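Beneath this line is the structure, given in structure tokens, with notes to follow.
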Amino acid sequence: MRRIHQFVLPHALLLLILITTVSPATEKEILLQFKGNITDDPLNSLVSWVSSGSSPCESFRGVSCNPDGFVDRIVLWNFSLAGVLSPALSGLKSLRVLTLFGNRFSGNIPLEYANIQTLWKINVSSNSLSGSIPEFIGDLPNIRLLDLSKNGYSGQIPSALFKYCNALTGSVQEPISNCQSMNHLDLSSNMFSGLAPFGALTLKNISYFNVSHNRFRGQIPDIGTCGEGMEVFDASWNELTGDIPLSISNCRNLKFLDLGFNRLTGSIPTGITGLERLLLIRLGNNSIDGSIPLNFGSIEFLEVLDLHNLKLVGEVPDDLSNCQFLRLLDVSGNALEGEIPPRFYNMTNLEILDLHRNQLNGSIPPSLGNLSELKYLDLSQNSFSGSIPFSLENLNNVVQFNLSFNNLSGTIPSRLQHFGALAFFNNPELCGAPLETSCSSGNNGVSPTSKKPKVLSVSAIVAIVAAAVILTGVCVVSIMNIKARRRRREDETMVVESTPLGSTDSNVIIGKLVLFSKSLPSKYEDWEAGTKALLDKESLIGGGSIGSVYRTSFEGGVSIAVKKLETMGRIRNQDEFELEIGRLGNLRHPNLVSFQGYYWSSTMQLLLTEFIPNGNLYDNLHGLNYPGTSTGVGNSELHWELLESGSASACFDRSLLGFAENELIQVMKLGLICTSEIPARRPSMNEVVQVLESIRNGLES
């Protein structure tokens, strides 16, 4: 009997151990390891994830379990969690859904996740993941939904990703065409290169295709048979070349077509006008030429037509007036001729009309005053003539208005004058407020000469008085000019021709030092001594993608920040450099450092600004503390969850509350992207300017 007990007891313990290894308690430990990899939880979203208490199925926020008590769903979206993904999740053998959208996870998806064979949905979009797409995802037999958009992924899309589409070899185009069950493909906002997987357009069930904001190259292939449910085709912001294929017309149910900001050539396919369900067409910022196809007016429900910055010629088709639901029409930056179609007043829902930078002529139709919903009107840089219609005063909702650089004449309607002089600038025959050119009636007021001596005597007196007044005026003006010249001399920018700063080599190329501030020393010897700091690493206080920043001090305690630019050929000549710096030098704001000057030579370019001792923007945004700053934990309001939850308005400066909230939100999103912790995800200044122009035009960035 004792032997039986000795046999049963060890085996009972072994059975207990086996039960423990698959119990929810072990899954709790796995989840706690996942939490341990979280470096920042600003919303305390995982405060319920504790070792004590009930099972994670009941108490862990964002965790769900199947009827057997095993974790099958982890949904932690828009929590702004930061850290790296824990490999420990591979121990969750029943996990089916992993949704981590809208966080700040970095690194990549751990290779250990290949062991979670039950996964059918992975959504890690809007994070900071980077590297190549893990090929093991193609080995997951049950995967049905994969969303990697809005990360920092780079390289080509591995063909192994589509392994279970029954194609193991060849380019991405081949295997993806076999994924007939796929209905949604979103690879947007990464850094993918190579050929885009346009083969997905032919999939039977595909409805959404988005590869925008990447670095895909090559041409859009012919689309033999477009998916019957295909509604969204977005390949904008890539490096695509060639023509738009005529076969695009095979996508009969297409609603959104966005191919803007590429390098496409050729003409606009006339077949597009036959896609009667289209709501949005964006082809702007390409090298497309030809004319605007007729019959765009047959697309009855079209809301957005963006053809800006192309090479279009000809006239603006009159049948566009049939698009009564059109909200945005942008054909700016082309070579269009002729007059504005007289029936544009039919587009009563139009909010944005941008025709600037063309060769349009004729008069401005008074009927434009009937577009009561119009918020943005830009007719600048054309050849319009005649007077400004007083009917434009009826446009009560307009916030952006520009008629500059035309041949308009006459007075400016009083209710349009608040748009300022720049809105009417460079129309030689326009006069009156807000321009400085006054409206005079000519010389018709001069009285005819009379033979009566008394009249002549009075005229002579008047002439003498007038001459005296003129002489006095000339004296006054001369005195004022002398004083102004003296004042200008005092405020004049100091220019010092010298050898490059920090160098005493007499053989180097002569450079140009320009100082905007009188508080800085003007002697070259002082600058030569001060800027030796450029050779001293101890004076380095920061750096970025375009250069390094040094602190430079002079006698008397004056310190400035000197940015040594790494232009890498991006600045072509001195004139271009000084033009850009001139624009920056005009910026004035309490929250912007002021420019103190600049230095140019063919081998070195420097920006001189005031020195601010409280760290840099990156450190203040991401939580490093400096004496004198308002917070030591970063700006907690600048998080994506505020945008998604609809609370973004709480972040706005009170002085901005009068502006359109949607426009402010778009600018905030751009700011968040510009301050990304991953430098590679930050846009270039050219891209920033383009996005801001799009926001200004009412486009979604």
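Among the residues of the stretch 110-131 satisfying the criterion of being within 23 Å of Ser80 (Cα to Cα) and among the small types (Gly, Ala, Ser), which is nearest to the chain's Cα centre (by Cα)?
Ser126
Here's the yes/no breakdown for (1) of a type outside the set (A, V, I, L, M); (2) farther than 18 Å from Ser188 by Cα:
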| position | (1), (2) |
| --- | --- |
| Thr225 | yes, yes |
| Asn262 | yes, no |
| Thr270 | yes, yes |
| Leu278 | no, yes |
| Gly284 | yes, yes |
| Ile288 | no, yes |
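Determine if the stretch 277-296 includes at least one residue that is farther than 29 Å from Gly218 by Cβ, of a type outside the set (Val, Ile, Thr) and loosely packed, with under 15 Cβ neighbours inside 10 Å. Break it down stepwise before answering.
Here is the first cut: in the stretch 277-296, the ones farther than 29 Å from Gly218 by Cβ are 294-295.
This time we only want the ones that are of a type outside the set (Val, Ile, Thr), so: 294-295.
Keeping just the survivors that are loosely packed, with under 15 Cβ neighbours inside 10 Å gives 294-295.
Yes, the stretch 277-296 contains at least one residue that is farther than 29 Å from Gly218 by Cβ, of a type outside the set (Val, Ile, Thr) and loosely packed, with under 15 Cβ neighbours inside 10 Å.
Among the residues of the stretch 27-59, write down those that are buried (at least 18 other Cβ atoms within 10 Å of the Cβ), touching a strand residue (DSSP E or B) at 6+ places or on another chain (Cβ under 7 Å) and farther than 17 Å from Leu92 by Cα.
Ile38, Leu46
Could you list, in sequence order, the residues of the stretch 117-133 that are free of Cβ contacts under 8 Å to residues at least 60 places away in the same chain and surrounded by fewer than 21 Cβ atoms within 10 Å (Cβ to Cβ)?
Passing the criteria: Gln117, Thr118, Trp120, Lys121, Asn123, Gly131, Ser132.
For the stretch 141-164, which residues satisfy the criterion of being crowded, with 20+ Cβ neighbours inside 10 Å, of a type in the set (A, V, I, L, M, F, W, C) and modelled with pLDDT under 85?
Residues satisfying the conditions are Leu146, Ile157, Leu161, Phe162.
So, in the stretch 60-85, of the ones that are over 15 Å from Leu119 (Cβ atoms) and of a type in the set (D, E, K, R), which residue ends up surrounded by the fewest Cβ atoms within 10 Å (Cβ to Cβ)? Before you say what the answer is, go through the steps one by one.
Here is the first cut: in the stretch 60-85, the ones over 15 Å from Leu119 (Cβ atoms) are 60-63, 65, 67-69, 76-84.
Those left that are additionally of a type in the set (D, E, K, R): 61, 68.
Details: Arg61: 14, Asp68: 8.
Looking at residues that are over 15 Å from Leu119 (Cβ atoms) and of a type in the set (D, E, K, R), I get Asp68.
One residue is enough: does the stretch 165-184 have a residue meeting the conditions closer than 30 Å to Ile673 by Cβ, modelled with pLDDT of 80 or more and not small (Gly, Ala, Ser)?
For the stretch 165-184, residues closer than 30 Å to Ile673 by Cβ, modelled with pLDDT of 80 or more and not small (Gly, Ala, Ser): present.
Among the residues of the stretch 368-386, write down those that are among the polar types (S, T, N, Q) and surrounded by 22 or more Cβ atoms within 10 Å (Cβ to Cβ).
Start the filter on the stretch 368-386 by keeping residues that are among the polar types (S, T, N, Q), which leaves 370, 372, 380-383, 385.
The answer is Ser380, Asn382.
The values are calculated or read from the model by the stated rules, or taken from the named source; none is laboratory data. All values derive from a computational prediction rather than experimental measurement. FYI the Cβ positions are ideal-geometry reconstructions off the backbone, even for glycines, and counts take in every protein chain you see.
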